[in-house]
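Here is the structure we will look at, set down as structure tokens.
Where a number appears in this text, it was derived from the coordinates with a stated rule and is not lab data. For clarity, every value in this text was computed on a predicted model and none was experimentally measured. Using ideal geometry, Cβ is built from the backbone for each residue, glycine included, and neighbour counts are taken over all protein chains shown.
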Amino acid sequence: MTPNQADYLLRSLRLIETVGRCGSFSTAALELGMTQPAVSQQIAHLEKLLGVILFERRHRGVSATRHGQMLHTTTADVLTQLYNTMEIIHDSDSRETLIILTDYGFAANWLLPRLSDFEEKFPEIDVSLLTTQAKRDAKIDHRNTHHDVSILFGEKPQTHDLSWTCLFQEEIVPICSAAYFKAAGPFNHPRDIVKAKLLHLTGPDHQWFTWADWFASIDTSLPIKTFSKNNLSFGNYPLLLQAVLQNQGIALGWRPLVDDLIKTKQIVSLSNKPIKSKRGYFLSTPFNRRAHIDNFTQWIQQQAKINKL
């Protein structure tokens, strides 16, 4: 099909659909920005080309013949499909993609269980998660990774080109599964925990609290050597939590990553006095936020507020 033939076909499709819907050459002409004689002439040309009468001319308006009705129905369907296809293309091209940078532990244990709520509220926004190893310095990844927002663990960001807020201050409590508590507990005193199997989180730069930190803050009379054996170490937090759920021992639980597990009683908190630091999970965004970033920012701050209740 040549460009001229394609142009003629499209103009004919629109002409037939409009005349059939309006039932009048004059009304169709007004809608199409044409004159009534021009519409009548083009319809007559189509009828001559097809060898059939498409519209019966009446005193007031026109009426589609059987062939005219068939062609109008097909034309209307084709134009509707074309319109719907163009809408799909437009929507897919105009959808916003939100790229979130965070560490694997926060993504797996806190963000993902809540993300369906954001997707339900903002179905027009696609979400892409980038996970990284947690860094004590929460601004490191901003220099190396393309993203819209970040939720990183560390000290207060020292930056002037981003807006930031602390979603969660670092809070630590010892945790174990209900089954392990029943089998090895009770744990009424830090000395009871010393005797248990301790699960450790290891990583570069000591970005996490250690058992030594926790015991030192609770009971300074306990020497480090008393809990240097009968333990197991893990390189990432989701794996550590999996070991807790499999009754492997006692670990340090970082809030808010363990809050849902505590609420559902899958794990037990062994202390009602968490130790805290100035570190935490910080949300960082550009100052001039686009609408989809602003929507996510408001949503996650509300989720964080709910989590703290």
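Applying both filters, DSSP loop and at most 16 other Cβ atoms within 10 Å, to the trypsin sites (Lys or Arg not before Pro) of segment 7-107 gives 58, 60, 95. Close amide-amide hydrogen proximity is noted between residue 267 and 262, each under 5 Å apart and 5 or more residues distant or on a separate chain (H modeled in the peptide plane; Pro and chain starts excluded). Given their separation in residues at 0.36 nm each and the Cα-Cα distance between them, residue 48 and residue 116 gain 18.6 nm when the chain is fully extended. Of all DSSP beta bridges confined to the chain, the antiparallel ones make up roughly 60%. Here the dipole of the chain is about 900 debye; that uses its Cα centre as origin and unit charges on the Cβ of Lys and Arg (positive) and Asp and Glu (negative).
Across segment 70-75, computed HN-Hα scalar couplings (Karplus, 6.51 cos²θ - 1.76 cosθ + 1.60, θ = phi - 60°) run 4, 5, 5, 4, 5, 4 Hz from first to last residue, x flagging Gly and Pro. For residue 101, the residues whose amide H sits under 5 Å from its own are 130, 148, 149, 150, 151, ignoring neighbours fewer than 5 places away on the same chain, with H placed 1.01 Å from N. Taking label positions 7 Å along the Cα-Cβ direction at both residue 6 and residue 57, the computed distance is 3.5 nm, reported to one decimal.
When the alpha-carbon atoms of segment 19-124 are used, the pair Rg, Dmax equals 25.4, 77 angstrom.
Highest mean first, the peptides 170-181, 114-125, 249-260 sorted by other C-beta atoms within 10 Å per residue fall in the order 249-260, 170-181, 114-125.
Of the trypsin sites (Lys or Arg not before Pro) found in segment 250-309, those that fall in a DSSP loop while having at most 16 other beta-carbon atoms within 10 Å are 265, 289, 290.
Think of it as helices only: each DSSP H run of n ≥ 4 in the chain is worth -39500 (n - 2.57), and spread over all residues that comes to -13500 deg cm²/dmol at 222 nm. Sequence-ordered 3J(HN,Hα) estimates for segment 164-170 from the Karplus curve with 6.51, -1.76 and 1.60 and θ = phi - 60° stand at 9, 8, 8, 6, 9, 6, 5 Hz, glycine and proline given as x. Taking θ = phi - 60°, what integer Hz values does the Karplus form 6.51 cos²θ - 1.76 cosθ + 1.60 yield along segment 231-239, in sequence order, with x for Gly and Pro? Computed from phi, the couplings for segment 231-239 are 9, 9, 10, 9, x, 9, 6, x, 5 Hz. Taking only the Cα atoms of the chain, the radius of gyration and Dmax are 33.6, 107 Å. Helix 3-22 and the long axis of the chain differ in direction by around 80°, with both axes built from C-alpha atoms. Taking Cα atoms only, the orientation of helix 291-308 departs from the longest principal axis of the chain by about 40 degrees.
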